[in-house]
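Notes to accompany the following structure.
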Amino acid sequence: MREYCKEIADMLVDYADGQLSAEESTRVTAHLAECDDCRTLLNGLHKSLELAQVIWEDNLSQAETIRIPAPARTSRRSWPRYAAAAAILIASGISITSLIMNKPAKNQTTFAEIERKITEAGNAARLLAAADRLSEYPDAQPVAKRQYRYILDRYPDTSAAAEAKLRIQ
């Protein structure tokens with residue numbers, strides 16, 4: 001594989017996810033038009049990502065079939081229960097309002113940071129599943145190892161990175 005192909009291969013995951021800048025995406029697209037090896041690599045990545053998506057959706061559909069029975073309704077209304085619920089709602093409203101009005105301290109985690117970490121963990125897990133699927137094929141093992149390294153570099157603080165590190169060793 002040529003040196004330029006290695007550079008393109010490192011960008012293929014972000015290319016497949018639509019995460020590259022317009023300039024980088026154009027560069028990758030132009031290279032893919034000329035390089036069969038990189039196109040094959042991208043097609044394999046797409047298939048792996050599709051497989052991961054199917055597995056993910058299948059797991060979600062199983063979770064959706066779980067039914068939790070609702071407690072039986074009583075005909076008697078109890079005002080203390082409503083008063084307790086109202087008190088909880090008022091306390092929650094006050095807490096949320098104070099959080100919104102006050103900026104978080106520098107060492108306090110914001111909701112956006114938590115959301116970003118969750119997204120990164122999900123992306124890393126998806127890439128790990130795809131790389132694991134690729135590693136089942138002898139010809140694709142070098143690609144899988146590159147993907148494991150990519151996970152380590154891009155998402156170092158995730159459990160998927162810890163798993164990828166074990167698979168590289």
Pair list, Cβ under 6 Å, 6 or more apart: segment 112-135 residue over 17 Å from Gly44 (Cα atoms) and assigned by TED's automatic domain parsing to the domain that holds Ala162, other residue modelled with pLDDT of 85 or more and hydrophobic (A, V, I, L, M, F, W, C): Ala124/Ile151; Ala124/Ala160; Ala125/Ala160
Pick from segment 18-39 the residues that are loosely packed, with under 13 Cβ neighbours inside 10 Å and closer than 22 Å to Asn123 by Cα: which of them is modelled with the lowest pLDDT? Gly18
If you go through Leu166, Leu152, the only one that is exposed (fewer than 14 other Cβ atoms within 10 Å of the Cβ), in a helix (DSSP H, G or I) and either at pLDDT below 85 or not assigned by TED's automatic domain parsing to the domain that holds Asp14 (or both) is Leu166
Under 8 Å between Cβ atoms, at least 6 apart or on separate chains: pull out the pairs that start in segment 1-21 with a residue that is outside the structural domain of Tyr150 (by TED's automatic domain parsing) and end on any residue that is outside any helix (DSSP H, G or I). Cys5/Cys35; Ile8/Cys35; Ala9/Met1; Met11/Leu20; Asp14/Leu20
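The values are calculated or read from the model by the stated rules, or taken from the named source; none is laboratory data. This one's a predicted model, so the numbers in the text were calculated from it and none came from an experiment. All Cβ positions, even for glycine, are placed from backbone atoms using ideal geometry, and neighbour counts span all protein chains on display.
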